[in-house]
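Shown next, in C-alpha cells, is the structure this report addresses.
The values are calculated or read from the model by the stated rules, or taken from the named source; none is laboratory data. These numbers were taken from a predicted model, which means no experiment stands behind them. Cβ sites come from the backbone with ideal geometry, for glycine too, and all protein chains shown count toward neighbours.
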Amino acid sequence: MTARTHDLFAFASLITVASYYPPLALNITTLIVSLVGNVIGALLPDIDQASNRLWDLLPGGDYLGKVLKGLFLSHRTISHSLIGVFLLSKILAWLTPKILNPSLIDVSMVNWAIMIGYVSHLIADAFTEEGLPLFFPFKIKVGFPPIASWRIKTGKWFEEFVVFPAIVLYIFWFVINHQEKILQVIRLAVQ
C-alpha cells in the first residue's frame, strides 16, 4: 500500500477504536499528539526503506535512512512482524514519557494511537501481493486471500480507485453512523 492509503486506513482504525473504546479523560493536546502519532505509527513499519516519508521529516533524514536501512535486513522483515509489534510497544513505553510531558499529555493514549497506526499498516499490507513475514525470522509470508495473485498490487489501479475510495467512504459512513460517540470524544477533549 502507498503511504497515503496507510495514513487514511490508520485514521479510520483510530476513530473506530476510539468510538468503541472511548477514553475516560482526554485533553486537546493529547488528541492532537495522538492524531500525529497515529500517522507516524502508520508509516513506521516502512522505516526500513530509505524513501519513507518519516525520513523526510528529519534533518539529514535521506542520508540517515540510507545508512540505517541495513539494520532492518530488507523491506518487510522485522518491522512487519509480530516481533516488530512487540519491540515497538516496549520502545514506546520507554521513549514517549521521555520526549512528551506526561503532566500535559496522556502518554499511554498516544502510545495506543501509534500502535493502532502501526497494526493498521500491517493489516493493510496483508492484503498486498507481497504479504507479511508476520512470524519473522521464519520466511513464511501471510496474506489475505491466501492466493497471492488475488491480492492488491501496491500503488496500482485497484488500490487507487477501489481501496482508497472505499476507506474514504467507510470513514464518512462511520462518522455519520457513530457521530454521537465521536462528538462525545471531541467534547471531552475541548472541555
Within the range 121-150, the count of residues that are farther than 23 Å from Ile83 by Cβ and not in a helix (DSSP H, G or I) comes to 2
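Output the number of residues of the range 88-122 satisfying the condition of being hydrophobic (A, V, I, L, M, F, W, C) and over 16 Å from Ile40 (Cα atoms). Before the answer, list the steps.
Step one: of the range 88-122, the residues hydrophobic (A, V, I, L, M, F, W, C) are 88, 91-95, 99-100, 104-105, 107, 109-110, 112-116, 119, 122.
Still in the running and over 16 Å from Ile40 (Cα atoms): 94, 104-105.
Count: 3.
Inside the range 70-82, can you point out the residues that are hydrophobic (A, V, I, L, M, F, W, C) and at pLDDT below 95?
Step one: of the range 70-82, the residues hydrophobic (A, V, I, L, M, F, W, C) are 71-73, 78, 82.
The answer is Leu71, Phe72, Leu73, Ile78.
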Going through the range 144-153 one residue at a time, which ones are within 20 Å of Ser13 (Cβ to Cβ) and surrounded by fewer than 16 Cβ atoms within 10 Å (Cβ to Cβ)? Phe144
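Rundown of residues vs (1) among the aromatic types (Phe, Trp, Tyr); (2) farther than 17 Å from Ile167 by Cβ; (3) at pLDDT 95 or above, yes/no style:
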| site | (1), (2), (3) |
| --- | --- |
| Ala3 | no, no, no |
| Phe9 | yes, no, yes |
| Ser13 | no, no, yes |
| Pro23 | no, yes, no |
| Ser34 | no, yes, yes |
| Leu43 | no, no, no |
Exactly one of Phe136, Phe172, Phe158 is aromatic (Phe, Trp, Tyr), free of Cβ contacts under 8 Å to residues at least 40 places away in the same chain and over 19 Å from Ser13 (Cα atoms), and that one is Phe158
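Every residue in the range 142-155 that is under 17 Å from His121 (Cα atoms) and touching a residue at least 12 places away in the same chain (Cβ under 8 Å), please.
Residues of the range 142-155 under 17 Å from His121 (Cα atoms): 142-145, 151-155.
Once the filter is applied, which keeps residues that are under 17 Å from His121 (Cα atoms) and touching a residue at least 12 places away in the same chain (Cβ under 8 Å), the range 142-155 yields Val142, Gly143, Phe144, Arg151, Ile152, Lys153, Thr154, Gly155.
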